[in-house]
Amino acid sequence: MKQSVVIEGMKCEGCSNTVSKLFLAIQGVERVLVDRDTKLATVEADREIAESEYTDALAETKFVVSEIK
């Protein structure tokens, strides 16, 4: 299953790497591609990931999930 997550607050490559690392820690997530310019994280997982799981993963950061496509 593939989901696109719009994330606000990413400004540099380090931000993209942090989001990628945190999303990869979610159970079932197999691959994450983050593009800070489009504010989009493309997540491939073996199940549908709930918005709350993405939000929880970013809870200790300045990043905010604004939409899931």
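Identify, please: which residue in the stretch 23-32 is over 8 Å from the mean Cα position of the chain (by Cα) and in contact (Cβ under 8 Å) with a residue 12 or more places away in the chain and is, among those, farthest from M1 (Cα to Cα)? Lay out the reasoning, then the answer.
Pass one, the stretch 23-32, residues over 8 Å from the mean Cα position of the chain (by Cα): 24-31.
Among the residues that remain, those that are also in contact (Cβ under 8 Å) with a residue 12 or more places away in the chain are: 25-26, 28-31.
Details: A25: 16, I26: 14, G28: 10, V29: 9, E30: 10, R31: 11 Å.
In this case the residue turns out to be A25.
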Query raised in the report: Within the stretch 14-38, restricting attention to residues that are charged (D, E, K, R) and touching a strand residue (DSSP E or B) at 6+ places or on another chain (Cβ under 7 Å), which residue is surrounded by the most Cβ atoms within 10 Å (Cβ to Cβ)?
Result: R31
**Report entry** Single residue of the stretch 39-69 satisfying the filter (open to solvent by 90 Å² or more (accessible area, probe 1.4 Å) and without any contact (Cβ under 8 Å) to a residue 24 or more places away in the chain) that is farthest from L22 (Cα to Cα)
**Finding:** E51
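The values are calculated or read from the model by the stated rules, or taken from the named source; none is laboratory data. Not measured: the values here are computed from a predicted model. Please note: Cβ atoms are built from the backbone with ideal geometry, for glycine as well, and neighbour counts cover all protein chains shown. The accessibility values were calculated without ligands, DNA or RNA, using every heavy atom of the protein model including side chains. Shrake-Rupley method; radii C 1.70, N 1.55, O 1.52, S 1.80 Å.
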